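First the structure, in the form of structure tokens, and then the observations on it.
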Amino acid sequence: MNTASPSLHGKPVRTQTLRLSVQTMMPLLLSGLLAGCAAGPDFKRPAPPNATSYTATPMPAQTASAAAALGNAQTFQMHAMVDAAWWRSLGSSRLDALIEQALHSSPTLAAAKASLRQAQELHSAQAGSTLYPQIDAGMGAQRQRTSPSASGLSGSAREFALYNASVGVHYRLDLSGGNRRALEALAARADHRSHELAGAHLTLAANIATTAITRAKLAGQIASTQAILEAQDEQINIVRHRVRLGQASPDELLALQAQVEQTRAGMPLLRKQLEQNEHLLATLSGQAPGAAKMPDFTLEEFKLPATLPVTLPSELARRRPDILAAEALVHAANAEYGVAVAKLYPQLTLSASLGSQALTAGTLFGGGSAVWNMLGQLVQPLFNPGLPAEKRASLAALDAAAANYQEVVLNALRNVADVLRALDHDAQALDSLAIANSAAQSSLQSVERQYTLGAASYTQLLVARQQMQQNKTGLIAAQAQRLADTIALYQALGGGYEVNDKTGPV
């Protein structure tokens, strides 16, 4: 089809619309076929651990039980899933509310979410610049002066203005799949950020729960220590009276005073830990330490879950956030190795532009001369020592990522093994301390009866009370430890995090 358009000098010229021949289309078709290949190996998920248990010796079916609060036996349930809101199994509504608040207010989670959005947008930006042609519009104006003498002619110089407007399209064909590998790497890094977010979520909830348990433990130990101090103060008053009566020596009083002050010195340490614990709870929940009063947690408001889930090591590798994050980094390194390999292959870039030129701005769009161009450029690196070195560096990065993945898996298995052993041994320790506490209470009751009958002195009664409170302090620590072990197991097993192979984290 022929069309007429004015030339630069106002005279009409004939232009013919470009028709691509079959010979012109063949390179494009071949390029499309080549684009189906991608350089470098396809990523394959690392094989899960082949271990069938976490410990060298079999774990018991359940922990020991103790005749005390939080002393019930816990049964290990294999192949069970951890509840996503696992902290609710501890039975404290105040803890539930605090964790829910923290999940909405924590700056740590906000930063992790922002990092995830950044990774996702970087992937979108790369996809937009490589998957689709780039279209640009441009306009320009220039003033030129030409002299006929430059062409061997006579005459005076001539000046004129030249205006142009054009739309350009360019696209780099992904012959070797380097662009797709780059997108794959960015998608893997977005997955890495997603798993990191899940890990931050799990760590935050576990830290708040553990800190709440510690706060309850410290409150109970402060109360027991205060009771010991009161009994010791009464005892020292009695000894002072006996010294005045000549029934006790000053050395006995000095020894008792030293014991009392040692006990008293422990109180500021416990109060310091309690106040620091409150500050930590506030900051974990996204608040300033002085902005809000934290709940006064007590051990009585918590309960010990009767059953504990345990997954196989092979299942752990598919559910624990830090393992999945390390796997995503291996995926990214594998794709980046493919990008480095692709740079060794030919690169084909196609570009075209269509525009108009005119001597006046007013005729640029209505009466200008149509101009167009089409360019295809194929580049094959022949000598570039940097490209093989870049490929070797990417391969080394892939090896490092794979080794780091193995280390993360081993540390995760050790973490679970440590927690399982802690659950077993700490339950046994609580049983022994519960027996000791029961014996101390029975001894106190016996002394109280003797004191009522006049067979025991008041000093003996005070000493029995101190021994009972000292045993209670150890019992409180053991009770809190069992709760902390339970929290640690939930965290070690991934806290209910699950990933769908098709849709990603759920």
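The values are calculated or read from the model by the stated rules, or taken from the named source; none is laboratory data. Treat the numbers as computed from the prediction; the structure is a model and nothing was measured. With ideal geometry, Cβ positions are generated from the backbone for all residues, glycine too; neighbour counts draw on all protein chains shown. Heads up: the accessible areas ignore ligands, DNA and RNA and are worked out on the full protein's heavy atoms, side chains in. Shrake-Rupley method; radii C 1.70, N 1.55, O 1.52, S 1.80 Å.
Any idea which of (1) of a type in the set (G, A, S); (2) farther than 30 Å from M59 by Cα; (3) touching a His at 6+ places or on another chain (Cβ under 9 Å) is the one A325 doesn't satisfy?
(2)
For region 266-324, enumerate the residues that are part of a helix (DSSP H, G or I) and among the aliphatic types (A, V, I, L, M). It would help to see each step written out before you state the result.
Pass one, region 266-324, residues part of a helix (DSSP H, G or I): 266-284, 299-301, 313-316, 321-324.
The answer is M267, L269, L270, L274, L280, L281, A282, L284, L299, L316, I323, L324.
Please pick out the residue among F383, F365 that is without any contact (Cβ under 8 Å) to a residue 40 or more places away in the chain, exposed (fewer than 14 other Cβ atoms within 10 Å of the Cβ) and aromatic (F, W, Y).
So the residue among F383, F365 that is without any contact (Cβ under 8 Å) to a residue 40 or more places away in the chain, exposed (fewer than 14 other Cβ atoms within 10 Å of the Cβ) and aromatic (F, W, Y) is F383.
Going by what's in this entry, would E390 be described as on the phi < 0 side of the Ramachandran plot, in contact with a Lys or Arg (Cβ under 9 Å, 6 or more places away or on another chain), in a helix (DSSP H, G or I) and open to solvent by 40 Å² or more (accessible area, probe 1.4 Å)?
On the way: on the phi < 0 side of the Ramachandran plot: yes; in contact with a Lys or Arg (Cβ under 9 Å, 6 or more places away or on another chain): yes; in a helix (DSSP H, G or I): yes; open to solvent by 40 Å² or more (accessible area, probe 1.4 Å): yes.
Yes.
For residues that are open to solvent by 30 Å² or more (accessible area, probe 1.4 Å) and free of Cβ contacts under 8 Å to residues at least 40 places away in the same chain, scanning just region 266-286, find the one that is nearest to the chain's Cα centre (by Cα).
Per the stated criteria, the residue is T283.
Would you point out which residue out of Q377, Q466 is over 43 Å from the mean Cα position of the chain (by Cα), of a type in the set (S, T, N, Q) and surrounded by 19 or more Cβ atoms within 10 Å (Cβ to Cβ)?
Details: Q377 fails: surrounded by 19 or more Cβ atoms within 10 Å (Cβ to Cβ).
Sole residue among the options that is over 43 Å from the mean Cα position of the chain (by Cα), of a type in the set (S, T, N, Q) and surrounded by 19 or more Cβ atoms within 10 Å (Cβ to Cβ): Q466.
Working only within region 288-311, note down all residues that are modelled with pLDDT of 90 or more, hydrophobic (A, V, I, L, M, F, W, C) and open to solvent by 40 Å² or more (accessible area, probe 1.4 Å).
Once the filter is applied, which keeps residues that are modelled with pLDDT of 90 or more, hydrophobic (A, V, I, L, M, F, W, C) and open to solvent by 40 Å² or more (accessible area, probe 1.4 Å), region 288-311 yields A288, A306.
Check K113 against each of (1) farther than 30 Å from A335 by Cα; (2) touching a residue at least 24 places away in the same chain (Cβ under 8 Å) and name the one condition it does not meet.
Exception for K113: condition (1).
Which residue is nearest to T57 (Cα to Cα), if the candidates are limited to region 421-435 and must be open to solvent by 40 Å² or more (accessible area, probe 1.4 Å) and hydrophobic (A, V, I, L, M, F, W, C)?
A429
Quick one: A342 ticks every box in (1) open to solvent by 40 Å² or more (accessible area, probe 1.4 Å); (2) within 30 Å of A389 (Cβ to Cβ); (3) not basic (K, R) except a single one, so which number is it?
Going through (1) open to solvent by 40 Å² or more (accessible area, probe 1.4 Å); (2) within 30 Å of A389 (Cβ to Cβ); (3) not basic (K, R) one by one, A342 breaks only (1).
Considering each residue of region 236-265, count those that are farther than 20 Å from T473 by Cβ, open to solvent by 70 Å² or more (accessible area, probe 1.4 Å) and either of a type in the set (V, I, T) or assigned to a helix (DSSP H, G or I) (or both), and give that number.
Number of matching residues: 9.
Just to be sure before I move on: is Y337 touching a Ser or Thr at 6+ places or on another chain (Cβ under 6 Å), in a loop (DSSP other than H, G, I, E, B) and aromatic (F, W, Y) in the structure I sent?
Numbers: touching a Ser or Thr at 6+ places or on another chain (Cβ under 6 Å): yes; in a loop (DSSP other than H, G, I, E, B): no; aromatic (F, W, Y): yes.
So Y337 fails the test.
Which numbered condition in (1) over 30 Å from L489 (Cβ atoms); (2) out of contact with any Gly (no Cβ under 8 Å at 6 or more places or on another chain); (3) in contact (Cβ under 8 Å) with a residue 40 or more places away in the chain is the only one that R421 fails?
(1)
Which condition number in (1) surrounded by 14 or more Cβ atoms within 10 Å (Cβ to Cβ); (2) within 26 Å of the chain's Cα centre (by Cα) is the one that S314 fails?
All conditions are met except number (1).
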